[in-house]
Amino acid sequence: MTPRLWAGGALIVLLVALIGFAAVAVPWHRAPAPRADQLAALGEFPADQVARSRAFHAELRPLSYAGMLLGLLIALVLGLTPLGARLVELAGRPFGDHWLARAVLGGLAVVFVAELVTLPLAIWRHTIVVRYGISTQTWGGWSVDLLKSFGVGAVLGGAVLAAFFTVTHFAPRWWWAFGAAGAAGLVVLLSFVLPVVVEPIFNRFTPMADGPLRTELLALAERDGVPVKDVLVADASRRTRAVNAYVSGLGPTRRIVVYDTMLAEATPGEVVSVTAHELGHAKDDDVLTGTIMGALGSAVAVIVLYLLGSWTGLLRLAGVESIAEPRAIGLLLAVTTVAGLVAGPAQSFVSRRVEARADSHALELTGDPATFEAMQRRLGTVNLADPDPPSWEHAMFASHPSTVQRMAAARAWAQGAR
Ligand SMILES: [Zn+2]
């Protein structure tokens, strides 16, 4: 059997595993609450507030689409013309055209050019979120964040590029197997280390101060049967007025994080409600589910890249001999950008179902739909979310059910519980 046949076989096995795992792990059956209840919830928002959040999103919308389009265009130009290959050659030239220099510096150069092209849109976006009072960041703080994320991206990206092209260099026929295993392993590793290595670069995390709220949250976790060592507070207020909470990490690095803005804006009861939602993610192992799907998905992506590498027309457009040489980095960027755009709506769909399950968990655990609704209203109001966004946009991009869907779900739960 040739490596290509093995790759085809491995692809089928991985796809079956991914689809099978998703079929059992994703709560597909959770349909949104009745539309009439959603409209009733919408009616509770003051009209001027809905108008303001819609005006905010109307200003952001063209930027988001322009960003997507521009990102796609630059990736296609770098990948489907010899421009990307030329950029990689240039980056490797000071180092005697060594393949490793081409891989790391060339790869970073290609990504940097793509970032630079969309930078004006990010600047424009910042002016809008500042004007609407969501962001509290000065240009100084904003630039520091940008440089930090470039730095993190360069270190992580450089390591991945070096590892990937070392494998393609030394195992030109079987790199897809090592690459697929390595990509899957990297996703798992990142899930463990991101909360303890990368998140602290951007925020400070401190244990929630002793007091009745902390005691109540830890008691809630215990009642739920979810081992939580600590509830951490992130100093989100240094850049935003938005309120949020999340759970990240796996096993020993699992933590529940509440924004300090949440503690300042919301009532203790609402913080309990948010935490109950996050405990739902922990109890259902949603981070683990996402990690497994991400690991399988990235292994699939590596093998698809390998198989695409036999498409000579594509290689000719990029001006490269093989998809596994550093000069093909632009082509890799083009393929992954297109794949990301195609996979986005499916990921959003899965995310919304998982979030709806965590909402149900919060309702079951607290037995307090009124506070849950108040919390959703607060989240939507402070964060300037459109409580009832355009349905196609919601379907394509939203990671959470809409505010009115979540409020209506609380009403449906209350009726069922009564
Ligand atoms: Zn959630």
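The values are calculated or read from the model by the stated rules, or taken from the named source; none is laboratory data. All values derive from a computational prediction rather than experimental measurement. Note that each Cβ is placed from the backbone with ideal geometry, even for glycine, and that neighbours are counted across all protein chains shown. Calculation scope for accessible area: heavy atoms of the full protein, side chains included, ligands and nucleic acids excluded. Shrake-Rupley method; radii C 1.70, N 1.55, O 1.52, S 1.80 Å.
In degrees between 0 and 90, to the nearest 10, how far off the longest principal axis of the chain does helix 175-193 point, with axes built from Cα atoms?
That works out to roughly 30 degrees.
Roughly how big is the chain's charge dipole about its Cα centre, with Cβ charges of +1 (Lys, Arg) and -1 (Asp, Glu), in debye to the nearest 20?
800 debye
Starting from the Cα coordinates of the chain, work out the convex hull volume and express it per residue in Å³.
Normalising the Cα hull of the chain by residue number yields 149 Å³.
Measure nothing fancy, just the Cα-based angle from helix 369-382's long axis to the longest principal axis of the chain, in degrees from 0 to 90, nearest 10.
Result, in degrees: 50.
Taking the Cα centre of each part, how many Å lie between segment 174-201 and segment 246-260?
Spelled out, the Cα-based centre of one part sits 18 Å from the other.
Could you tell me which of L72, G133, Y246 has its Cα farthest along the dipole of the chain towards the positive end, charges placed at Cβ (Lys, Arg +1; Asp, Glu -1), taken about the Cα centre?
L72
Any idea what the relative contact order of the chain is, in percent, if you count C-alpha pairs under 8 Å spaced at least 6 apart?
Reported as a whole number, the value is 26 percent.
Can you pull the one-decimal nm distance between simple spin-label points at D235 and A17, each 7 Å off the Cα toward Cβ?
Placing both labels 7 Å beyond Cα along the Cβ direction yields 4.2 nm.
Counting only C-alpha contacts under 8 Å and six or more residues apart, can you give the relative contact order of segment 87-228 as a whole percent?
This gives 19 percent for segment 87-228.
Which percent of the accessible heavy-atom area of segment 168-232 goes to carbon and sulfur, probe 1.4 angstrom?
For segment 168-232, the apolar C and S fraction of the accessible surface comes to 68 percent.
With all protein chains present, how much of the accessible area of segment 265-399 (probe radius 1.4 Å) comes from carbon and sulfur, to the nearest whole percent?
Heavy-atom surface of segment 265-399 belonging to carbon and sulfur, 1.4 Å probe: 64 percent.
Count neighbours as other Cβ atoms within 10 Å of each site's Cβ, and list the chymotrypsin sites (Phe, Trp or Tyr not before Pro) in segment 340-410 that are DSSP loop with at most 14 such neighbours.
Listed in order of number, the matching sites amount to none.
In square angstrom, what is the accessible area per residue of segment 332-418 with a 1.4 angstrom probe?
Per residue, segment 332-418 has an accessible area of 42 Å².
Using alpha carbons only, how many angstrom separate the centre of segment 1-20 from the centre of segment 269-339?
16 Å
Counting helices only, and only those DSSP H runs with n ≥ 4, report the 222 nm mean residue ellipticity of the chain as the sum of -39,500 (n - 2.57) divided by its residues, in deg cm²/dmol to the nearest 500.
-23500 deg cm²/dmol
Which log10 I(q)/I(0) values, to two decimals, does segment 166-282 give at q = 0.14, 0.17, 0.18 Å⁻¹ under the Debye formula with one point per Cα?
So the normalised log intensities are -0.64, -0.83, -0.90.
Please report, as a whole percent, how much of the solvent-accessible surface of segment 1-95 comes from carbon and sulfur atoms (probe radius 1.4 Å).
Here carbon and sulfur together make up 75 percent of the probe-accessible area.
What's the angle, to the nearest 10 degrees (0 to 90), between helix 403-417's Cα axis and the longest principal axis of the chain?
For 403-417 against the chain, the angle is about 50 degrees.
Probe of 1.4 angstrom, ligands and nucleic acids ignored: what's the accessible area per residue over segment 230-272, in square angstrom?
37 Å²
Could you order the peptides 129-142, 330-343 from most to least packed, using the average number of other C-beta atoms within 10 Å per residue?
330-343, 129-142
Excluding ligands, DNA and RNA, what is the solvent-accessible area per residue of segment 113-152 at a probe of 1.4 Å, expressed in Å²?
In whole numbers, segment 113-152 has 54 Å² accessible per residue.
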